[in-house]
Amino acid sequence: MNGSPDAAADVLYDAADGVVTITINRPGRLNALNANARQLLFDAWCRFEADRSARVAILTAAGERSFCVGRDLHEPADGDFVLESFPILGISVEVSKPTIAAVNGYALGGGFLLAQMCDLCVASETATFSIPESKLGRGAAWAAPLAAMLPTRVVMELLVTAAPLSAARMHEVGFVNQVVPAGELRVAAHRMASLVAANAPLSVGACKQMVDRVAREGRPMARADAEGMFRHVYASRDAREGLAAFRERRAPSWSGE
């Protein structure tokens, strides 16, 4: 861990109205992740998961130049880099609620991975995405899920050319949900998060579980499997509340039960 007085400021955590914003705050290092920042991200994701009032999280970064350029290569290497030491959702930390990457500037290497691991992605017009490992003689095993997310030739282009692709191109191929002017990134991400937070949490959680499972297993999932994931949703108090609110023409009050 970094022992400097402002070490805790390497990652910022803010929560309001069911939306958590996690901000990588190392713009002077292009938001590269040193050991301290990685640990703080682990802590932030665990805090988000444990907070029942938190419905959705936005992962973003300070400044406009860079979202994240991966591991901070200025810190001393402690043996071989282990993927599990990186705060990766679904691998080294489990989060059952939706996450949104708000990408500003470079999403390079491990920064690309942070955007890849989130459920949704909003990017500024100036954002670029690249996997430079082939230029460095290194491997990019972490990029394997891209084969299920993107057309094969787009994945091949990213991996073997190591050239960056623009936010517009990544939106065109389906990696980015929305591209906005740089000055509107956080507002757009929060608008999307607010839409998620307003919905029934049990339904949202089951939707995420279903999509994650289909993506992970790489095969069509039987309807019976999906029905099992939603059974508790159908029988929930929130299901009754949603119908009642619709009939009474009012906003629903979700309990998560």
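The values are calculated or read from the model by the stated rules, or taken from the named source; none is laboratory data. This is a predicted model, so every value here is computed, not measured. We place every Cβ from the backbone using ideal geometry, glycine too, and count neighbours over all the protein chains shown.
Of note:
- Here M1 passes the criteria (1) in a strand (DSSP E or B); (2) modelled with pLDDT under 95 except the one numbered (1).
- Residue within segment 133-140 that is of a type outside the set (A, V, I, L, M, F, W, C) and surrounded by 16 or more Cβ atoms within 10 Å (Cβ to Cβ) present: yes
- Taken together, the residues in segment 17-36 that are within 18 Å of A62 (Cβ to Cβ) and either among the polar types (S, T, N, Q) or more than 16 Å from the chain's Cα centre (by Cα) (or both) amount to 12.
- Restricting segment 87-106 to residues that are farther than 17 Å from C68 by Cα and touching a residue at least 40 places away in the same chain (Cβ under 8 Å), the residue that is surrounded by the most Cβ atoms within 10 Å (Cβ to Cβ): P98
- Condition check for R191: over 15 Å from the mean Cα position of the chain (by Cα) and farther than 21 Å from A32 by Cα: yes
- Boolean, R153 is charged (D, E, K, R), exposed (fewer than 14 other Cβ atoms within 10 Å of the Cβ), at pLDDT 95 or above and in a helix (DSSP H, G or I): yes
- Those helices (runs of 4 or more DSSP H) of segment 194-252 in which 1 or more residues are under 25 Å from the mean Cα position of the chain (by Cα) and at pLDDT below 80 occupy 201-217, 223-234.
- Segment 179-193: number of residues that are in contact with a helix residue (DSSP H, G or I) (Cβ under 9 Å, 6 or more places away or on another chain) and either within 25 Å of P132 (Cβ to Cβ) or in a helix (DSSP H, G or I) (or both): 1
- Members of segment 9-24 that are polar (S, T, N, Q) and in contact (Cβ under 8 Å) with a residue 60 or more places away in the chain: T21
- Output for segment 44-76, where each listed residue is free of Cβ contacts under 8 Å to residues at least 24 places away in the same chain and either buried (at least 24 other Cβ atoms within 10 Å of the Cβ) or not small (G, A, S) (or both): P76
- Some residue of segment 118-130 being assigned to a helix (DSSP H, G or I) and either at pLDDT 95 or above or aromatic (F, W, Y) (or both): no
- Residues in segment 4-26 that are surrounded by 15 or more Cβ atoms within 10 Å (Cβ to Cβ) and either modelled with pLDDT of 95 or more or on the phi > 0 side of the Ramachandran plot (or both): 14 in all.
- Near pairs, Cβ below 6 angstrom, 6+ apart or cross-chain, from segment 152-173 (free of Cβ contacts under 8 Å to residues at least 60 places away in the same chain and of a type outside the set (D, E, K, R)) to any residue that is surrounded by 18 or more Cβ atoms within 10 Å (Cβ to Cβ) and part of a helix (DSSP H, G or I): V155/L146; V173/V154
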